[in-house]
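The values are calculated or read from the model by the stated rules, or taken from the named source; none is laboratory data. All values derive from a computational prediction rather than experimental measurement. Ideal geometry is used to build each Cβ from the backbone, glycine not excepted, and the neighbour counts take in all protein chains shown. Just the protein is used for accessible areas: all its heavy atoms, side chains included, with ligands, DNA and RNA removed. Shrake-Rupley method; radii C 1.70, N 1.55, O 1.52, S 1.80 Å.
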Amino acid sequence: AIGLSYVFIVEGCHGGGLARAFVMVGFLSAFTTFSTFSLDTLQLLESGELANSLINVGGNVILCLAACWVGLLLGR
């Protein structure tokens, strides 16, 4: 969603800094916060689940990059 928003708001010049901040930082961040990701990972580590914490980190990074890339492709 953030990749698609970036294309329409920033590359397409359909909005300025305020629109970008509202959609990409305010609205989308409410759904996917880094703090939740960090807390989940730390809880896995504290529980002794090293493998699951690494899967969580790797999966989140790879899936987020892939989803952003797809959004960019769809927008362009």
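Within the stretch 41-52, the set of residues being open to solvent by less than 70 Å² (accessible area, probe 1.4 Å) and in contact with a helix residue (DSSP H, G or I) (Cβ under 6 Å, 6 or more places away or on another chain) comprises THR41, LEU44.
The residue that is modelled with the highest pLDDT, among those in the stretch 8-54 that are part of a loop (DSSP other than H, G, I, E, B) and under 13 Å from the mean Cα position of the chain (by Cα), is THR33. A search for C-beta distances below 9 Å between a residue of the stretch 46-65 that is among the charged types (D, E, K, R) and any residue that is at pLDDT below 90 and open to solvent by 70 Å² or more (accessible area, probe 1.4 Å), counting only pairs 6+ apart in sequence or on different chains, returns GLU49/GLN43.
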